[in-house]
């Protein structure tokens, strides 16, 4: 007698997933294989910046696929050159290295900083990062992260990362020594529960790093590409970092990432960095399509306005249910639940056809498409309001 194999058996079991299979998406909605519709306020963790299957990305991928998939990274291709030029034109940086994921881009940033230290700072290699920070799942980026759950995993990890406290300049300053080459942080710590670095802190940190001849690296994997209502999160504080990393929303759902640096810092020598699929024109075509939309002033203005509307509605919801603060920037927001009920709320919301995310047991995070409508926001608010009541988590204010 042959035993039936679970349809999920052939994928490694690396995270808890509901027994649901999604088959199509459009804008703010997903449909599963039973044709049940879900309102998505996770969007692949801020990946689908223009929603699910946007026509501009689909058309760009189709056109590029018919023209050239990849000539190998040993040669230039016109699409990656166009995207690199466009990213430089919109940022404080001079050169770009394309990668496939945020972790890979951050790994490249770490390597670039260490190379700079070897060439210009007497072999300095240590990078100051922050408690609560998240930079990826390679060994080096896990080591750079300040996520407590990572600490016992895959030992021994990569040495050379010392942890400061976000928005505490003194905690950074006391870690600087002759081995320090850089400071690395997210403008908003997403996985920690959406904790923004203040503009003042970023300005002071930039001044501190310059005074000590250190590089400043901004991990904009989650905050970049319009998520905070500026094209890049660092722009809110008016600083100019030395290195930046991008991924998630950069190609609207296609796997693309980028490492950007000033010309002074771009010190890789031949053979130091590479990758088989890096800079392939198919993914870069998607990146160009997204940038053409997201970088326009009118689009960024709409993100700011929509973000304020979502924040206001979340504040009202929080007040109705006796929850905590609403924090974040643009369309990267979080609500403090005050109690470790996040997983239960997410599960009930999923059953009701609403996709939410709880990065911490006491926090809900909201990362909708950047072109989400006010009607869709109110649909989410009504759904979450019902979930809070249904789950028994509601503590309504009369």
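Each reported figure results from applying straightforward, stated rules to the coordinates on display, with no laboratory input. Model, not experiment: these values are computed from the prediction. Glycine gets a Cβ as well: all are built from the backbone with ideal geometry, and neighbour counts include every protein chain shown.
Please report the Cα spread of the stretch 166-255 along all three principal axes, rounded to whole Å, starting with the longest.
41, 24, 21
Run the numbers for residue 199 and residue 381: contour at 0.36 nm per residue of separation, minus the present Cα-Cα distance, in nm. Numbers along the way, then the final one.
Details: separation 182, 0.36 × 182 = 65.52 nm, distance 2.93 nm.
Computed gain between residue 199 and residue 381 is 62.6 nm.
Tell me, what is the FRET efficiency for residue 373 and residue 5 to the nearest 0.05, using R0 = 30 angstrom and their Cβ-Cβ distance as r?
It comes to 0.10.
Does the stretch 55-294 come out rounded, prolate or oblate, given a ≥ b ≥ c as the square roots of the eigenvalues of its C-alpha gyration tensor, rounded meaning a/c under 1.5 and, failing that, prolate meaning a/b above b/c?
It comes out prolate by the Cα gyration axes.
Mind listing the Cα extents of the stretch 262-311 along all three principal axes, in Å, largest one first?
Extents along the principal axes: 48, 28, 19 Å.
Along each principal axis of its Cα atoms, how long is the stretch 143-209 end to end? Whole angstroms, biggest number first, please.
On the principal axes, the stretch 143-209 reaches 36, 33, 14 Å in Cα extent.
Which whole-number percent is the relative contact order of the chain (Cα, under 8 Å, 6+ apart)?
After rounding, I find 22 percent.
Could you compute how fast the stretch 215-331 diffuses translationally, taking Rh as the Kirkwood radius over C-alpha pairs and applying Stokes-Einstein at 20 °C with viscosity 1.002 mPa s? Give it in µm² per second.
132
With r as the distance between the Cβ atoms of residue 90 and residue 298 and R0 = 25 Å, compute the FRET efficiency 1/(1 + (r/R0)^6) and round to 0.05. Walk me through the intermediate numbers first.
Working: r = 15 Å, r/R0 = 0.60.
Working from the Cβ atoms, E equals 0.95.
Report, in whole Å, the centroid distance computed from the Cα atoms of the stretch 28-48 and the stretch 366-390.
13
How big is the gap, in Å, between the Cα center of the stretch 155-187 and the Cα center of the stretch 261-292?
Measuring centre to centre over Cα atoms gives 26 Å.
Along Cα→Cβ, 7 Å out, is where each label goes; now give me the distance between the ones at residue 309 and residue 23 in nm to one decimal.
Each label point is offset 7 Å from its Cα along the Cβ direction, giving 3.2 nm.
Pull up the DSSP beta bridges for the stretch 1-96 and report the antiparallel fraction as a percent, rounded to 5.
Values: 8 of 8 bridges.
About 100 percent, rounded to the nearest 5.
Quote to one decimal, in nm, the extra length available between residue 151 and residue 119 on full extension: 0.36 nm per residue of separation minus the C-alpha distance between them.
Working: separation 32, 0.36 × 32 = 11.52 nm, distance 3.07 nm.
Full extension from residue 151 to residue 119 adds 8.4 nm.
Out of the DSSP beta bridges found with both residues in the chain, what percent are antiparallel (nearest 5)?
Approximately 65 percent, going by the DSSP bridge assignments.
I'd like the FRET efficiency for residue 352 and residue 75, computed as 1/(1 + (r/R0)^6) with the beta carbon distance as r and R0 of 56 Å, rounded to 0.05.
0.65
Taking every pair of distinct Cα atoms and averaging 1/r, then inverting, what Kirkwood hydrodynamic radius in Å comes out for the stretch 300-398? Don't jump to the answer; show the numbers that get you there.
On the way: mean 1/r = 0.0749 Å⁻¹.
With all distinct Cα pairs of the stretch 300-398 included, I get 13.3 Å.
Of the listed peptides 194-205, 57-68, what is their order by residue-averaged count of other C-beta atoms within 10 Å, with the highest listed first? Mind showing how you got there, number by number?
Values: 194-205: 18.2, 57-68: 15.4.
Descending mean neighbour count gives 194-205, 57-68.
Let me know the Kirkwood hydrodynamic radius for the stretch 71-152, please, with Cα pairs as the basis and the value in Å to one decimal.
On the way: mean 1/r = 0.0675 Å⁻¹.
For the stretch 71-152, inverting the mean 1/r across all distinct Cα pairs yields 14.8 Å.
Could you give the length gained by full extension between residue 338 and residue 158, i.e. 0.36 nm per residue of separation minus their alpha carbon distance, to one decimal place? Before the final figure, lay out each step's value.
Numbers: separation 180, 0.36 × 180 = 64.80 nm, distance 3.50 nm.
The residue 338-residue 158 span can extend by a further 61.3 nm.
Suppose only helical runs count, i.e. DSSP H with n ≥ 4. What mean residue ellipticity at 222 nm does that imply for the chain under -39500 (n - 2.57) per run, divided by all residues and rounded to the nearest 500 deg cm²/dmol?
One gets -11000 deg cm²/dmol as the mean residue ellipticity at 222 nm.
Compute the Cα gyration tensor for the stretch 1-89, then decide on rounded, prolate or oblate, letting a ≥ b ≥ c be the square roots of its eigenvalues: rounded whenever a/c is under 1.5, prolate when a/b is larger than b/c in the other cases, and oblate in all that remain.
Here the stretch 1-89 falls in the prolate category.
Just to confirm the number: angle between the C-alpha axis of helix 297-321 and the first principal axis of the chain, 0 to 90 degrees, nearest 10?
Relative to the chain, helix 297-321 is tipped by roughly 50 degrees.
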